[in-house]
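These notes concern the structure reproduced below.
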């Protein structure tokens, strides 16, 4: 996981008032070191209860109902998590293996199992392909996913131009881009589109 993706996820959960603990600061010498794929433990100090089940694809309004979660980040920002991509990357699901998960779950004590959340770049847009990916993720033991776009929209929306975020490089960069009107909400357009040129020779309408 890149440091940029890690920072986005941390800032997002902290924005929603979660307590965030990074699992490990160093990189393991072996790829299969215990819990190597777990990135964050997050805890909601004041969770709300809901009679309805949480959706599989979480949006920001759903976070108030999440009490605790183990979060794994896959910042493959040029990839869509289709079933074909998931089938080629079995390491994605290593953190839900019983031995790894149970060891990680001890970080929260003995009161219930934490949610297993995967942060993904994007799911397929086509309904059938999207449903197929979700079914595969569920079958592997994933409880929920959060798309990066959901996180970025919130971070951009909540970053204020008139505040100095000197303790957060990410929020400070967003603030600067917004200040110079290089970032617009909610489309997340980094650069304004150029105005369309008029078609040459096209007569303009005039009032009679």
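The values are calculated or read from the model by the stated rules, or taken from the named source; none is laboratory data. Since we're looking at a predicted model, the values are computed, not measured. We place every Cβ from the backbone using ideal geometry, glycine too, and count neighbours over all the protein chains shown.
Numbers for the structure displayed
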item: Residues located in the range 122-168, provided they are more than 18 Å from the chain's Cα centre (by Cα), surrounded by fewer than 14 Cβ atoms within 10 Å (Cβ to Cβ) and more than 28 Å from residue 101 (Cβ to Cβ); result: 126, 127, 128, 160, 161, 162, 163, 164, 166, 167
item: Residue 87, sole failed condition from (1) more than 19 Å from the chain's Cα centre (by Cα); (2) farther than 26 Å from residue 126 by Cα; (3) touching a residue at least 12 places away in the same chain (Cβ under 8 Å); result: (2)
item: Any chance residue 73 is within 16 Å of the chain's Cα centre (by Cα) and at pLDDT 95 or above; result: no
item: Qualifying residues in the range 67-80 (those that are in contact (Cβ under 8 Å) with a residue 60 or more places away in the chain, touching a strand residue (DSSP E or B) at 6+ places or on another chain (Cβ under 8 Å) and not in a strand (DSSP E or B)) - the one surrounded by the fewest Cβ atoms within 10 Å (Cβ to Cβ); result: 75
item: Of the criteria (1) in contact with a helix residue (DSSP H, G or I) (Cβ under 8 Å, 6 or more places away or on another chain); (2) closer than 23 Å to residue 158 by Cα; (3) at pLDDT 95 or above, which one residue 56 fails; result: (2)
item: Tally, over the range 100-114, of residues that are surrounded by fewer than 18 Cβ atoms within 10 Å (Cβ to Cβ) and without any contact (Cβ under 8 Å) to a residue 60 or more places away in the chain; result: 8
item: The listed residue being closer than 15 Å to residue 57 by Cβ, in the same structural domain as residue 81 (by TED's automatic domain parsing) and assigned to a strand (DSSP E or B), out of 118, 137, 123; result: 118
